[in-house]
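A.B. asks: A single structure is presented below for examination.
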Amino acid sequence: MNLKEYQEKASRTCADLGYREKNDLHMALGLATEAGEFADIFKKHLAYKKEVDYVNAAEEIGDIFWYAANFCRMNNISIEEILDKNIAKLAKRYPEKFTEYNALNRDLDAERSILES
C-alpha cells in the first residue's frame, strides 16, 4: 500500500470534531499518546527487565502513522512532500553521514529555507 492509499483508508476511522482547532489538537494529542505508549515498551524493558514486545512496538508505530496521516489529510499537507523535505534537510545537516559535530552545529536558517521551499 502506498502512502496515499493508506491516508485514504485511515480517514475512514477518523472522527471529525467539527472544526480545525479541535481536529488538530485531537491529532497532536494522539501522536503524543502513541509515542508515549511506544516509549513505555522500552521503559519497562529498561526499568523492569520486561521483554521488548516488538509486535506491540510495531502496533504503536502504526498508530503514530495513523495520527500523522490524518493530520496531514485534514490540513492538506502532502506526506510525500514532508518526507522529501525531511531528507533534504538531513542531507544539508549531514552532507556525508551523521556526526556529533554537525548535530551540534546546525545551520538552522538553511534548514528552514529547505522546509519552506
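The values are calculated or read from the model by the stated rules, or taken from the named source; none is laboratory data. None of the values given here were measured: they were computed from a predicted structure. So basically every Cβ, Gly included, is an ideal-geometry build from the backbone, and we count neighbours across all protein chains shown.
A.B. asks: What are the residues in segment 1-23 that are out of contact with any Asp or Glu (no Cβ under 7 Å at 6 or more places or on another chain), under 12 Å from Ala69 (Cα atoms) and not in a loop (DSSP other than H, G, I, E, B), if any?
C.D. replies: Those that are out of contact with any Asp or Glu (no Cβ under 7 Å at 6 or more places or on another chain), under 12 Å from Ala69 (Cα atoms) and not in a loop (DSSP other than H, G, I, E, B): Lys4, Glu5, Tyr6, Gln7, Glu8, Lys9, Ala10, Ser11.
A.B. asks: Separate question: Please work out which one of (1) out of contact with any Phe, Trp or Tyr (no Cβ under 9 Å at 6 or more places or on another chain); (2) surrounded by 11 or more Cβ atoms within 10 Å (Cβ to Cβ) is the condition Ile64 fails and give its number.
C.D. replies: Exception for Ile64: condition (1).
A.B. asks: For Asp53, only one of the following conditions fails: (1) of a type in the set (D, E, K, R); (2) touching a Leu at 6+ places or on another chain (Cβ under 7 Å); (3) loosely packed, with under 15 Cβ neighbours inside 10 Å. What is its number?
C.D. replies: (2)
A.B. asks: Could you give every pair whose Cβ atoms fall below 7 Å, whose first residue belongs to segment 79-96 and is in the same structural domain as Ile114 (by TED's automatic domain parsing) and among the basic types (Lys, Arg), and whose second residue is surrounded by 14 or more Cβ atoms within 10 Å (Cβ to Cβ) and at pLDDT 95 or above, counting only separations of at least 6 or pairs across chains?
C.D. replies: Every condition considered, the pairs that remain are Lys85/Ile114; Lys89/Glu111; Lys89/Ile114; Lys92/Glu111; Lys92/Ile114; Arg93/Asn102; Arg93/Glu111.
A.B. asks: Please specify each residue of segment 24-56 satisfying the condition of being among the small types (Gly, Ala, Ser) and closer than 18 Å to Tyr67 by Cα.
C.D. replies: Ala28, Gly30, Ala32, Ala35, Gly36, Ala39, listed by residue number.
A.B. asks: Among the residues of segment 43-62, write down those that are more than 28 Å from Ile77 (Cβ to Cβ), part of a helix (DSSP H, G or I) and either touching a residue at least 12 places away in the same chain (Cβ under 8 Å) or among the small types (Gly, Ala, Ser) (or both).
C.D. replies: Selection gives Ala47, Asn56.
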